[in-house]
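Let me begin by presenting the structure, written as structure tokens, before commenting on it.
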Amino acid sequence: MIPPRIAYLEISPRQTGKTERLVRHAKSCLAAGKRVCFVTLQGSVEDIRYRLPGAFIWGNDEEVPCREDDEGVIWFYDEFDWLDSTKIHAGAYYATTPKFLRTLGEQTAENDLLLGLIEANDRQLCRYTWPVDLSDILKEARASYSPEEFRLLYLGEFLK
């Protein structure tokens, strides 16, 4: 089965502006008169609702009332790897920090959402890092987290 072509896929470390980029994309869709359904972590719902008036915003713990077959809806998934309700939609926008390291052969595009999205996006993704020097923060994070957690959260790696 050929997966639907998505519009945008980003897999980047923490605090690199993923949500900001999704909000900018969503604002341009709203300005073009499109309906926007934006799914995010529960703690971000009120902020995103404030920043995207006119969009439908849901948290991970809420049932998403937009249907997959709603015509003209543009889907946005912020931190998709951490959400329970993420689905692959043609023309959708996705961004996340990886939740766990994948092992090729164990996880595939058929059984792993992140790898499925990479395949649906013709194996292309965006990756960003920090625009400023964070050496001290990274040194502290390396000491505070396991090597696997550091790779996920601060390097945005998702493959072993």
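The values are calculated or read from the model by the stated rules, or taken from the named source; none is laboratory data. This structure is a prediction, so every number in the text was calculated from the model and none was measured. All Cβ positions, glycine included, derive from the backbone under ideal geometry; neighbour counts span all protein chains shown. For accessibility, only protein heavy atoms count, side chains too; no ligands or nucleic acids. Shrake-Rupley method; radii C 1.70, N 1.55, O 1.52, S 1.80 Å.
Residues are listed down the side, and each one gets a yes or a no for (1) assigned to a helix (DSSP H, G or I); (2) closer than 22 Å to residue 25 by Cβ:
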| position | (1), (2) |
| --- | --- |
| 81 | yes, yes |
| 85 | no, yes |
| 88 | no, yes |
| 118 | yes, yes |
| 131 | no, yes |
| 136 | yes, no |
| 142 | yes, no |
| 153 | yes, no |
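Of all residues in the range 35-54, those satisfying the criterion of being over 17 Å from residue 96 (Cα atoms), in a loop (DSSP other than H, G, I, E, B) and open to solvent by 20 Å² or more (accessible area, probe 1.4 Å) are 53, 54. Taking the range 85-138 as the range and being under 22 Å from residue 149 (Cα atoms), among the aromatic types (Phe, Trp, Tyr) and in contact with a helix residue (DSSP H, G or I) (Cβ under 8 Å, 6 or more places away or on another chain) as the test, the residues that pass are 94, 100, 128.
A single member of 32, 26, 120, 92 is surrounded by 16 or more Cβ atoms within 10 Å (Cβ to Cβ) and over 30 Å from residue 160 (Cβ atoms), and it is 26.
Screening the range 124-155 for residues that are surrounded by fewer than 10 Cβ atoms within 10 Å (Cβ to Cβ), more than 17 Å from residue 18 (Cα to Cα) and not hydroxyl-bearing (Ser, Thr, Tyr) and picking the one that is modelled with the lowest pLDDT gives 133.
Let's see how each residue does on (1) in contact with a His (Cβ under 9 Å, 6 or more places away or on another chain); (2) closer than 30 Å to residue 141 by Cα; (3) of a type in the set (D, E, K, R):
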| position | (1), (2), (3) |
| --- | --- |
| 8 | yes, yes, no |
| 11 | no, yes, no |
| 28 | no, no, no |
| 35 | no, no, yes |
| 46 | no, yes, yes |
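Among the residues of the range 11-55, those identified as of a type in the set (A, V, I, L, M) and in contact (Cβ under 8 Å) with a residue 24 or more places away in the chain are 11, 22, 23, 26, 30, 36, 39, 41, 48, 52, 55.
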